[in-house]
1. What does the convex hull of the Cα atoms come to per residue for the range 186-304, in Å³?
2. Peptides 552-563, 447-458: what's the order by average Cβ count within 10 Å, highest mean first?
3. Suppose R0 equals 35 Å. What FRET efficiency, 1/(1 + (r/R0)^6) with r the Cβ-Cβ distance, do ASP29 and MET201 give to the nearest 0.05?
4. Sorted from largest down, give the three principal axis spans of the alpha carbons of the range 397-467, whole angstrom values.
5. Name the long-range amide H neighbours of LEU131: under 5 Å, sequence gap of 5 or more, or other chain; modelled H, no Pro or chain starts.
6. Under 1.5 on a/c is rounded, so check that first for the range 34-120, then, if it is not, pick prolate when a/b is larger than b/c and oblate when it is not; a ≥ b ≥ c are the square roots of the alpha carbon gyration tensor eigenvalues.
7. Could you work out the local net charge near LEU419, counting Lys and Arg as +1, Asp and Glu as -1, over the other residues with Cβ closer than 11 Å to its Cβ?
8. Under a 5 Å amide H to amide H cut-off, with H placed in plane at 1.01 Å, what residues pair with ILE41 once short-range neighbours are removed?
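The values are calculated or read from the model by the stated rules, or taken from the named source; none is laboratory data. Since the structure is predicted, the reported quantities are computational estimates derived from the model, not experimental observations. Quick reminder, even Gly has a Cβ in these numbers, built from the backbone with ideal geometry, and neighbours come from all protein chains shown. Remember, those area values only see protein heavy atoms, side chains included, never the ligands or the DNA or RNA. Shrake-Rupley method; radii C 1.70, N 1.55, O 1.52, S 1.80 Å.
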Amino acid sequence: MKKICCFFWVIFFVAGCKTTSHTNSALADINPFQFSVQKKIIGENGAVVSAHPLASKVGVEILKQGGNAFDAAIATQLALAVVYPNAGNIGGGGFMVARTADGKLLALDYREAAPGKAYRDMYLDSAGNLLNDKSVNGHLASGVPGTVAGLFAAAKYAKLDFKKLIQPAIELAEKGFVLTGREAESFNGIQNDLKKFNSVMPVFVKETVWKTGDTLIQKDLANTLMRIRDSGQKGFYEGETAKLMVEEMKRGNGILGYDDLKNYTAKYREPHVFNYKGYTVAGMPMPSSGGVLLHQMMKMVEKRNLGNLGFHTVQSVQLMTEVERRAYADRAEYMGDADFYKVPVSKLVDDNYLEERMKDYDSTKAGSSAVIKPGKIKESEQTTHLNVIDKEGNAIAITTTLNNSYGSKTVVGGAGFFLNDEMDDFSIKPGVPNLYGAVGGEANAIAAGKRMLSSMTPTIVLKDNKPFIVVGTPGGTTIPTSVFQTIVSIIDFGLSTEEAVYKPKFHHQWLPDKIFVEKNFPEQTLAALKKMGYAIGDREAIGRTEVIKILPDGKFEAVGDNRGDDDAEGW
Ligand code: DON
């Protein structure tokens, strides 16, 4: 194995002297009680980058055992459901953008759907006021989970038996793994919510504090995963697991029912594909706004010589802010599940329309969201991202989520997994901001069976028809702007992959009318932006971007974000 490991970060823990004895499983060579985080690798045969070292390692083991990138991505996501429970999930949903070895582009939608009993004003009282946090916390917040259906749909392109792909997750849940410092801290932070939103206390509740190196064993989750292993998709959407979910709903006055689960389907859709300076960009179509937003933002800068303006200069940040503002204004007005609402996609990405949107762009002063509205169409903090690539030419970008950290905070009693709070991604009342400050209206109003608008932006950039950049990130509404900035950092500003991932990011989403910046953003640029009339707000970490870049010699350079325990593996 030839690899270049640029950074070794924290080395984790040995909890007692436990070692693994999982022969025949992808876990055989992985020790869940002692592992380190690796931020970068250059692989020759394949690479995986995800939010957790154990999940990335599982993915690479699957590649080594003859799996392709689809096998590895499925196994990695299932492992994340165990080792990264705040976002890795089986109770949430996600999107996959992939390019197959024979050159086909795929977009898989396994986004949660509103339950059959959901209705437009379900989070409003009779006077039309918001019912506090019901779209975010507890039983009423959950859409029908899509992840398990999504993974079985992805398995169509995999080579190995699904049983083999789920086995590492089962073992990690059954025998346990040690917590990183971040995870221990994160568990400590949700103790009150866990007690509040669960009547059957989950294993995450602890009377003393969680510490780095503590072992987490999840027997109920292991049993749920075994039912999926033994009965396939039905092991989740029907039978015992469905019963446990519906019973959980009854305990908390939720509305998710047997039919919602049984009828859920993951959908292959046409990927949203466009050209940028000779590169082909493949992104997610509705119900994710990601592909269209990225298209709009990149086209609005394409002819404006971004590279010449310089990275993080006032000129480039101002231009990018103004395109972000305009794209997000359109998101609020026009975007939603296209199976339910006619989203004018071709108009929104029309070159003339986008030029028109930039007509009032002034490079000397701040635009205003009170003045710049959605365009006129002449007709009617937690998610997680992973990338996998193999030497056959398969490349995969998956972003998956429970929405908020730990979703609704409700764990299905006896089944051991968190349910999502994705209902909050609908526009629950026109003009009222959701968790991420996003506003919306009719296009994204709640309706039974409809999928809530997402910002998740798993993306593959192709050069000469071959994968060049595989990218994505969590971060709610900041996702499309982070992906936008990462891609232009590489293509236009000529940054290295690490710089493109690690350098501070900024974000503007039309409303609120403010540029949010991460710490360490160049002070001089901020001062000049303020002088032009921009309001600046501070933000904690923006996203946790994962990138695999294909180098000119064909090797895979995988970089995990340093904003978390993100880890790159390869061989
Ligand atoms: O689908 C969406 O856009 C959101 N539910 C994503 C949430 C998210 O990224 C939270 N992570 N930081």
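1. Spread over its residues, the Cα hull of the range 186-304 gives 218 Å³ apiece.
2. Result, highest mean Cβ count within 10 Å first: 447-458, 552-563.
3. Given R0 = 35 Å and the Cβ-Cβ separation, E is 0.50.
4. Result for the range 397-467: principal-axis Cα extents of 47, 37, 23 Å.
5. Residues meeting the criterion, in which the H sits 1.01 Å from N, are LEU124, ASP125.
6. oblate
7. -3
8. ALA558
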